[in-house]
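Participant: Could you have a look at this structure, given as structure tokens, before my questions?
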Amino acid sequence: MDRPLIGITTDSHAKPDHYESKMAYAAAIEAAGGLAVLLPFHADLSLVSQYASRLDGVLFTGGDDLNPQLYGQSKHTKAVRLDSGRERFELALLAEVERRRTPALGICLGSQLMNVHRGGSLLQFLPDVSRNSQIEHRKLSEADPRHPVRIEPDSELGQLLKKPELLANSSHKQAVDRLGKGLKVIATAPDGVIEGVEDPDLPLFLGVQWHPERLCQEEDHLAIFKLLVRRAADRRVGGSS
Ligand SMILES: [Mn+2]
């Protein structure tokens with residue numbers, strides 16, 4: 001059977017006239033049984049609907065920080081603005097994907113995008129936020145730090161993993177603050193930082209704050225991509241478009 005087609009959002013971090021994508025994202029989709037395609041964000045926005053209609057699922061990847069004006073704040077000095085073209089494209093694509101009930105997985109920035117799209121807000125710089133314990137969520141040296149996350153047992157991920165805790169990696173300075181409409185918190189770090197959200201009323205609308213694509217040699221993290229690919233395959237069999 002043909003593999004489900006999963007679109008992966010791209011970045012332009014180092015060179016503004018190039019697209020770039022960390023290879024781990026496409027590798028994770030392939031390892032999970034999907035077929036990966038990269039999405040060019042300098043697309044004509046009137047074509048976003050056509051892009052979405054060809055895709056069985058979408059992976060919203062990591063990147064810099066969303067414009068805080070989207071949630072009514074001015075920029076924190078430590079925040080690094082995401083390319084505005086990428087931001088416009090991803091907000092348009094996410095709205096289209098949601099309208100079509102296309103399975104979507106958001107990673108890091110992708111999970112924050114899902115929250116802000118639903119009217120939620122972000123903590124712009126975690127080290128400024130007083131918490132009950134001080135976990136370092138930023139990547140300050142060569143390796144990603146790791147910390148446990150508690151998974152809600154009745155969530156999509158909890159049902160899938162059948163365990164209450166995961167050892168996540170961590171490479172972020174922002175996180176969900178006010179929760180967006182229709183979203184549930186499904187993963188939490190020991191210091192209370194929100195590490196995952198989902199909309200239980202959609203086939204898959206799941207955001208995780210960590211980077212499972214860098215941990216695909218661990219079954220629990222590969223399972224997150226398998227969930228996206230399985231839901232994408234179900235949708236094709238169901239024939240809704
Ligand atoms: Mn973290």
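Participant: Under a plain spin-label model, where a point goes 7 Å from the Cα along Cα-to-Cβ, how far apart in nm are R88 and D2?
Facilitator: With each label point 7 Å from Cα toward Cβ, the separation is 3.2 nm.
Participant: To continue, here is another question. So, with +1 on the Cβ of K and R and -1 on the Cβ of D and E, and no other charges, what is the size of the charge dipole of the chain about its Cα centre, to the nearest 20 debye?
Facilitator: Around 300 debye, computed over the chain.
Participant: To two decimal places, what compactness ratio does the range 180-241 give when its Cα radius of gyration is scaled by 2.2 N^0.38 Å? Don't skip to the answer; put the middle values down first.
Facilitator: On the way: Rg = 13.4 Å, N = 62, 2.2 N^0.38 = 10.6 Å.
In units of the 2.2 N^0.38 Å rule of thumb, it is 1.27.
Participant: Continuing with the same structure: Lys/Arg Cβ at +1, Asp/Glu Cβ at -1, dipole of the chain taken about the Cα centre: which of G119, Q134, H42 is farthest positive-ward?
Facilitator: It is G119.
Participant: Using only helices, what value at 222 nm comes out for the chain when you add -39,500 (n - 2.57) per DSSP H run of length 4 or more and divide by the total residues, to the nearest 500 deg cm²/dmol?
Facilitator: It comes out at -8500 deg cm²/dmol, rounded to the nearest 500.
Participant: Take T188, T77 and order them by how many other Cβ atoms sit within 10 Å, fewest up front.
Facilitator: T77, T188
Participant: Another question, then. Compute the signed sum of charges (Lys and Arg +1, Asp and Glu -1) over the other residues within less than 10 Å, Cβ to Cβ, of S155.
Facilitator: Values: positive: K184; negative: E152, D154, E156, E198.
Surrounding charge for S155 is -3.
Participant: Which whole number of Å³ per residue matches the convex hull of the alpha-carbon atoms in the range 1-136? Mind dumping the intermediate values first?
Facilitator: Values: hull volume 19.1 nm³, N = 136.
Cα convex hull per residue, to the nearest whole number: 141 Å³.
Participant: Take the Cα atoms of the range 5-238, find their three principal axes, and give me the spread along each one in whole Å, biggest first.
Facilitator: Result for the range 5-238: principal-axis Cα extents of 45, 40, 35 Å.
Participant: Which one, S141, S170, S133, has the greatest fluctuation when you compute a Gaussian network model over the chain with C-alpha springs under 10 angstrom?
Facilitator: In the Gaussian network model the winner is S141.
Participant: Out of residues 5 or more away from A175 or on other chains, whose amide H comes under 5 Å of its own, with H placed 1.01 Å from N in the peptide plane?
Facilitator: Distant-sequence amide H within range of A175: L123.
Participant: Once you put a point 7 Å from the Cα of D201 and another 7 Å from the Cα of R99, both along the Cβ direction, what distance in nm separates them?
Facilitator: With each label placed 7 Å out from Cα toward Cβ, I get 1.8 nm.
Participant: So for the range 153-211, what are the equivalent ellipsoid semi-axes in whole Å, largest first, each being the square root of 5 times an eigenvalue of the Cα gyration tensor? Could the numbers behind the result be given before it?
Facilitator: Values: eigenvalues 60, 47, 18 Å².
They are 17, 15, 10 Å, listed largest first.
Participant: Now for a separate question. Test of understanding: what is the full-extension gain from R178 to D17, defined as 0.36 nm times their sequence separation minus their Cα-Cα distance?
Facilitator: Roughly 54.5 nm would be gained on extension.
Participant: Now for a separate question. Counting just the Cα atoms, what span does the range 62-105 cover along each of its three principal axes? Round to the nearest Å and put the largest first.
Facilitator: Extents along the principal axes: 37, 20, 17 Å.
Participant: With springs connecting C-alpha atoms under 10 Å apart, model the chain as a Gaussian network and identify which of G72, G33, G119 has the largest mean-square fluctuation.
Facilitator: For the chain, modelled as a Gaussian network with Cα springs under 10 Å, the answer is G72.
Only the coordinates and a few stated rules stand behind these numbers; no lab work does. The shown structure was predicted, so the numbers you read here are calculated from the model rather than taken from an experiment. Here the Cβ is made from the backbone with ideal geometry for all residues, glycine too, and neighbour counts use every protein chain on show.
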